[in-house]
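Reviewing the structure listed below.
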Amino acid sequence: MKNSEAKLFTPGPIQMDPETIAIGGMQSQYFRTSAFSQIMLDCAARLKHLLDAPHDAEMIFLTASGTAAMEASVMNLFTPQDKLLIISGGTFGKRFKQISEIYHIPSEVISLEWDESFHPEMLTPYENAGITGMLVNLCETSTGQLYPMDAISAFCKRNHICLVVDAISAFLCDSFSMKESGASAVIISSQKGLALHAGMSFVAITKEAFETRCAKNKPQTLYFNFVDYQQEMLRGQTPYTPGVAIINQLHDKLQRLEKAGTTASIACMTDLANYFRQQLLANTDFTYPDYPLSNCLTPVYCPKHNAKAIFDTLRDEHNIYITPCAGDIASFLFRVAHMSQQLTRQDIDELVTLLKQINEK
């Protein structure tokens, strides 16, 4: 089978809509025009609506990966005079820690084992402790754990903490409101719930956080200076060449999402997640952790520690891609993403049957 015919149970890129694929194959237009500026401004307004962001929030469009947006957010919002609190429950929590270290920003870390649930009581030692910023992955993509945003939000509000939320995997899969969370910045990416090509990320920043932090911090960077992006977005442009084809895909997808609504997207993801987990437990020897899980993916525990063999067999013999894990958990854990509306219960049934057959060999 051709690679384009592969079935993707991966957390990005995900199975794309036919309309999105068709737009990706079209000739890109020249972008320094008023017509393209209108597309950009419309996309920014629609993204803010989907995020339930304040109407005056700034939208930063980066032609870069989600990790780049994480780094750019930290360097623009914080300085070595800040003190950060980071939940590190996997690869992407650790990434926030790495970024803070690179920019010499002091931090405290709540470290979790791969199967350890985060509890709000873990925040208690950091009450009135001089924390000025908090970095959290709404969904820790490497383990699937969904953190309790209500408790985290309340903690940050009563301690006057600048909250940065990586919603890259959770966006359009799990319920989230930027307004209700009180987040100062929210990060999303093109290849996850939006189901576009990889290569762009987007940051929504409240007006207050932008004016009191980004506009004053003067980060040592050319490409990632949010002030430049904010100034250019006033006229619907970016300071450097954007991912034109991805923006065209985004514009189309956002219009279709608006008709269906985010509630429909989240309901679909919830149904696929619940169905996969039910079928997995009912028909195989595999299990998954009992901490709160995002709708975007399920971490699957392999009692035989044969995760790599399962991944290889699905890829080589069936052209189906699940997601391997890295490091110490690689032998016994893999992830199955179900964050595309192009996936069906029939697709899940096929995958579960194959998982059972491969595991029993």
Requested in this report: Kindly establish whether PHE202 is modelled with pLDDT of 95 or more, assigned by TED's automatic domain parsing to the domain that holds CYS43 and within 28 Å of LEU293 (Cβ to Cβ).
Outcome: yes
Report summary line: Restricted to the range 243-298 and to residues being touching a Phe, Trp or Tyr at 6+ places or on another chain (Cβ under 8 Å) and buried (at least 18 other Cβ atoms within 10 Å of the Cβ), the residue farthest from LEU8 (Cα to Cα) is TYR291
Report summary line: So, first residue on the phi > 0 side of the Ramachandran plot in the range 145-169, second residue not in a strand (DSSP E or B), Cβ within less than 9 Å, six or more apart or across chains; the pairs are HIS160/THR132
Query raised in the report: Does any residue in the range 83-94 that is farther than 15 Å from GLY130 by Cβ come within less than 7 Å, Cβ to Cβ, of a residue that is in a loop (DSSP other than H, G, I, E, B) and of a type in the set (Ser, Thr, Tyr) six or more places away or on a different chain, and which pairs are these?
Result: ILE87/TYR147; GLY89/THR143; GLY90/SER142; GLY90/THR143; THR91/SER142; PHE92/THR141; PHE92/SER142
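Can you confirm whether the range 155-165 contains a residue that is surrounded by fewer than 15 Cβ atoms within 10 Å (Cβ to Cβ) and farther than 18 Å from SER184 by Cβ?
no
Is it true that MET26 is surrounded by fewer than 22 Cβ atoms within 10 Å (Cβ to Cβ) and either assigned to a helix (DSSP H, G or I) or among the aliphatic types (A, V, I, L, M) (or both)? It would help to see each step written out before you state the result.
Details: surrounded by fewer than 22 Cβ atoms within 10 Å (Cβ to Cβ): yes; either assigned to a helix (DSSP H, G or I) or among the aliphatic types (A, V, I, L, M) (or both): yes.
Taking the combined requirement at face value, the residue satisfies it.
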Report task. List the number of the failed condition for THR262; all other conditions in (1) over 21 Å from the mean Cα position of the chain (by Cα); (2) modelled with pLDDT under 95 hold. Result -> (1)
Query raised in the report: Any idea how many residues of the range 123-139 are out of contact with any Ser or Thr (no Cβ under 7 Å at 6 or more places or on another chain) and surrounded by 16 or more Cβ atoms within 10 Å (Cβ to Cβ)?
Result: 10
Report task. Look through the range 332-361, keep the residues that are loosely packed, with under 14 Cβ neighbours inside 10 Å and modelled with pLDDT of 95 or more, and return whichever of them is farthest from LEU293 (Cα to Cα). Result -> GLN357
Report task. Would you confirm whether any residue within the range 196-204 is of a type outside the set (A, V, I, L, M), touching a Gly at 6+ places or on another chain (Cβ under 7 Å) and closer than 14 Å to ALA72 by Cα? Result -> yes
Report task. Scan the range 1-16 residue by residue and report those that are surrounded by fewer than 18 Cβ atoms within 10 Å (Cβ to Cβ) and either in a loop (DSSP other than H, G, I, E, B) or at pLDDT 95 or above (or both). Result -> MET1, LYS2, ALA6, PRO13
Requested in this report: Kindly indicate which of SER100, SER37, SER88 is more than 24 Å from LEU138 (Cβ to Cβ) and at pLDDT 95 or above.
Outcome: SER37
Report summary line: Note on the range 170-208: residues outside any loop (DSSP other than H, G, I, E, B), surrounded by fewer than 24 Cβ atoms within 10 Å (Cβ to Cβ) and small (Gly, Ala, Ser) are SER181
Query raised in the report: Can you tell me which residue in the range 15-37 is farthest from the chain's Cα centre (by Cα), limited to those that are of a type in the set (S, T, N, Q) and closer than 22 Å to GLY193 by Cβ?
Result: THR20
Query raised in the report: Restricted to the range 153-180, and to residues that are of a type in the set (S, T, N, Q) and more than 16 Å from the chain's Cα centre (by Cα), which residue is farthest from LEU138 (Cα to Cα)?
Result: ASN159
Report summary line: Given (1) surrounded by fewer than 20 Cβ atoms within 10 Å (Cβ to Cβ); (2) touching a strand residue (DSSP E or B) at 6+ places or on another chain (Cβ under 8 Å); (3) of a type in the set (Ser, Thr, Tyr), SER34 misses just (2)
Query raised in the report: Can you spot a residue in the range 287-301 that is modelled with pLDDT of 95 or more, among the β-branched types (Val, Ile, Thr), in contact with a His (Cβ under 8 Å, 6 or more places away or on another chain) and under 21 Å from THR344 (Cα atoms)?
Result: yes
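The values are calculated or read from the model by the stated rules, or taken from the named source; none is laboratory data. Just so we're clear, the structure is a prediction, and the values are computed from it rather than from any experiment. Cβ: placed from backbone, ideal geometry, glycine included. Neighbour counts: every protein chain shown.
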